[in-house]
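First the structure, which I've put down as structure tokens, then a few questions once you've had a look.
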Amino acid sequence: MQIRQLAEKERDTVIALRRHFHENPELSQKEFKTMNFIEKFLHDLGIETVRVPHGGVLGFIDSRKPGWTVLMRADIDALPIREDPVNLTKQRVCISKNEGVMHACGHDGHTAMLLTEAKILSQHKEDWEGKVVLMFEEAEEMGERGIAPLLRYIRDHHVHVDTCFGTHVMWSLPAGKVGILYGTAMAGAYFFRIRLHGKSGHGSRPDMAVSPIECFISIASELRSYRMRMTAPTDSFTYSFGSVQAGHEPNIIPEVLEFAGTARCTKNDDGLAFRKTLLDLAKNTAALHGCTVEVVEDQYFPVTVNTKECVDLARKAVVENLGDGALDKDCPMWMATETFSITESTWPGVFFFTGINDPAVGSGSPHHTPKFDIAEEGLVTGVAAALSYVTAVLKEKPETPSFHKVDLESMLKLTE
């Protein structure tokens with residue numbers, strides 16, 4: 001398969017798809033028109049699909065030749081962000097038609113690349129053997145994530161998978177390059193939202209009230225030295241509060257305070273230890289203050305870890321097909337978090353970073369910002385890089401002794 005040439009031939013396809021999704025973004029758990037479009041595109045190629053309730057769309061490509069099965073994934077949801085019509089330097093080539101909703105993370109690019117890859121694979125079955133499972137994942141960003149229903153469907157319907165592949169566009173990586181990291185590619189994350197219940201009262205008599213604000217101050221103060229005490233200096237760990245809400249008036253002590261935030265880590269042990277500490281600290285501190293605790297959100301998503309043998313093969317395949325210049329060997333790990341970490345804990349695999357930074361087109365603003373944009377040329381490279389790995393892994397069927405499977409239900413319970 002002439003991978004570079006085939007990707008170049010489908011340049012207009014991937015760009016047109018990306019612009020369609022960018023102009024028509026849908027929030028997590030509301031991606032109905034997006035999934036309709038995906039299904040029609042695949043059906044027009046003769047690709048069978050299944051829509052998994054609250055999960056997304058699965059597609060199945062069969063070469064009709066025996067071999068391995070590789071799962072390829074894209075996430076499809078957008079964010080509640082009002083898009084700036086100007087990126088870093090100029091007017092955008094396309095803009096959201098859905099006011100207040102924006103593909104500010106690059107999932108429009110992910111979906112466009114996977115559909116384009118599906119087109120190429122389905123039209124050139126003579127050049128590869130085995131099967132490909134396409135996974136278009138709902139709600140990667142927020143709410144009740146789609147990954148659990150998808151992976152449970154695959155398990156419960158006995159869909160065999162040997163290896164998996166995913167990618168994320170990266171705002172800081174130059175377009176035309178991909179990053180393929182050994183070990184940890186993206187951080188684990190703990191999402192927490194805790195409600196403290198006290199007793200309201202007047203500011204003139206705090207002794208007659210039970211202030212959840214004072215309780216939260218004690219919790220926050222105790223956590224300030226957590227990283228220094230509990231995490232090795234060679235490891236990365238951070239946490240932050242993104243929301244603290246309580247009261248309205250200066251002379252009224254509120255009955256309820258709610259705080260929320262995230263923690264990020266490069267080792268699952270560190271993330272899970274923080275989770276335990278925070279829940280224990282909230283419970284014990286609340287008891288000392290006379291408050292009660294309600295845990296509203298308690299989700300942990302594991303670290304995204306690439307399988308060594310898959311990275312070896314992916315780097316080799318990309319260099320062979322795209323040249324040594326396409327591989328960024330100094331690409332750093334990313335402290336953001338991916339639900340693909342669960343997929344990659346279920347099967348051996350690799351998660352690429354696809355470069356989309358190009359000052360000439362005004363891209364380079366970080367993800368989840370109103371000025372975020374994609375240098376579409378990078379998507380062509382992304383298609384070629386993905387096909388390089390997928391066709392190589394289907395051909396070589398590498399042994400993966402470094403991979404250690406994690407129990408699916410144990411992981412999913414932490415995310416729900």
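The values are calculated or read from the model by the stated rules, or taken from the named source; none is laboratory data. None of the values given here were measured: they were computed from a predicted structure. Please note: Cβ atoms are built from the backbone with ideal geometry, for glycine as well, and neighbour counts cover all protein chains shown.
Starting from residues that are in contact with a helix residue (DSSP H, G or I) (Cβ under 8 Å, 6 or more places away or on another chain) and under 26 Å from Glu126 (Cβ atoms), keep the ones in segment 17-47 and report whichever is surrounded by the most Cβ atoms within 10 Å (Cβ to Cβ).
Ile38
So, one more: Going through segment 208-258 one residue at a time, which ones are part of a strand (DSSP E or B) and among the small types (Gly, Ala, Ser)?
Correct list: Ser240, Gly242, Ser243.
Any residue that is surrounded by 18 or more Cβ atoms within 10 Å (Cβ to Cβ) and either modelled with pLDDT under 95 or part of a loop (DSSP other than H, G, I, E, B) (or both) - is there at least one of those in segment 385-396?
no
Being within 21 Å of Val161 (Cβ to Cβ), crowded, with 23+ Cβ neighbours inside 10 Å and at pLDDT 95 or above, is that true of even one residue in segment 78-97? Write out each step before concluding.
Taking segment 78-97 as the starting set, the residues that turn out to be within 21 Å of Val161 (Cβ to Cβ) are none.
For segment 78-97, residues within 21 Å of Val161 (Cβ to Cβ), crowded, with 23+ Cβ neighbours inside 10 Å and at pLDDT 95 or above: absent.
Let me ask something else about it. Which one is farthest from the chain's Cα centre (by Cα), of the residues in segment 157-189 that are farther than 27 Å from Gly362 by Cβ and polar (S, T, N, Q)?
Taking the candidates together, the pick is Thr163.
Right, another one. Would a scan of segment 262-283 turn up a residue that is farther than 12 Å from Phe216 by Cα, of a type in the set (A, V, I, L, M) and buried (at least 22 other Cβ atoms within 10 Å of the Cβ)? Outline the logic, then answer.
So the first thing to find is which residues in segment 262-283 are farther than 12 Å from Phe216 by Cα, and the list is 262-277, 279-280.
Applying the additional criterion that residues be of a type in the set (A, V, I, L, M) yields 263, 272-273, 279.
Still in the list and also buried (at least 22 other Cβ atoms within 10 Å of the Cβ): 263.
Yes - at least one qualifying residue is present in segment 262-283.
Tell me yes or no: at least one residue of segment 137-156 is modelled with pLDDT of 95 or more, surrounded by fewer than 24 Cβ atoms within 10 Å (Cβ to Cβ), more than 19 Å from the chain's Cα centre (by Cα) and in a strand (DSSP E or B).
no
Filter segment 359-380 down to the residues that are surrounded by fewer than 24 Cβ atoms within 10 Å (Cβ to Cβ) and polar (S, T, N, Q) and list them by number.
Scanning segment 359-380 gives Ser365, Thr369.
All but one of (1) modelled with pLDDT of 95 or more; (2) within 24 Å of Gly143 (Cα to Cα); (3) not charged (D, E, K, R) hold for Val210; which doesn't?
(2) is the only condition that Val210 fails.
Right, here's the next one. How do the pairs read when you match residues in segment 331-350 that are in contact (Cβ under 8 Å) with a residue 12 or more places away in the chain and within 16 Å of Trp171 (Cβ to Cβ) with residues anywhere that are in a loop (DSSP other than H, G, I, E, B) and of a type in the set (Gly, Ala, Ser), using Cβ under 9 Å and keeping only pairs 6 or more apart or on different chains?
From residues that are in contact (Cβ under 8 Å) with a residue 12 or more places away in the chain and within 16 Å of Trp171 (Cβ to Cβ), the pairs are Met333/Ser236; Met335/Ser236.
Consider Gln2 carefully, then state whether it is surrounded by fewer than 18 Cβ atoms within 10 Å (Cβ to Cβ), under 20 Å from the mean Cα position of the chain (by Cα), modelled with pLDDT under 95 and not β-branched (Val, Ile, Thr).
Considered against the rule, which asks whether it is surrounded by fewer than 18 Cβ atoms within 10 Å (Cβ to Cβ), under 20 Å from the mean Cα position of the chain (by Cα), modelled with pLDDT under 95 and not β-branched (Val, Ile, Thr), Gln2 comes out as no.
Wholly within segment 8-89, which strands (runs of 3 or more DSSP E) include no fewer than the required count, namely at least 1 residues that are within 21 Å of His368 (Cα to Cα)?
69-75
Taking the residues in segment 166-207 that are among the β-branched types (Val, Ile, Thr) and surrounded by fewer than 24 Cβ atoms within 10 Å (Cβ to Cβ) as candidates, determine which candidate is nearest to Phe136 (Cα to Cα).
Thr184
So if I check each of Ala273, Ala286, which one is without any contact (Cβ under 8 Å) to a residue 60 or more places away in the chain and in a helix (DSSP H, G or I)?
Matching residue, one of Ala273, Ala286: Ala273.
Another one. Pick from segment 321-351 the residues that are in contact with a Pro (Cβ under 8 Å, 6 or more places away or on another chain) and assigned to a helix (DSSP H, G or I): which of them is nearest to His368 (Cα to Cα)?
Within segment 321-351, the subset in contact with a Pro (Cβ under 8 Å, 6 or more places away or on another chain) is 328, 341-342, 345.
Retained after the next criterion (residues that are assigned to a helix (DSSP H, G or I)): 341-342, 345.
On the way: Ser341: 20, Ile342: 22, Ser345: 26 Å.
In this case the residue turns out to be Ser341.
Here's something else I'd like to know. Is it true that Pro212 is in contact with a Pro (Cβ under 8 Å, 6 or more places away or on another chain) and within 20 Å of Phe60 (Cβ to Cβ)?
For Pro212, the condition - in contact with a Pro (Cβ under 8 Å, 6 or more places away or on another chain) and within 20 Å of Phe60 (Cβ to Cβ) - is not met.
Moving on. Which numbered condition in (1) in a strand (DSSP E or B); (2) touching a Ser or Thr at 6+ places or on another chain (Cβ under 9 Å); (3) of a type in the set (A, V, I, L, M) is the only one that Val161 fails?
Only one criterion is unmet by Val161, namely (1).
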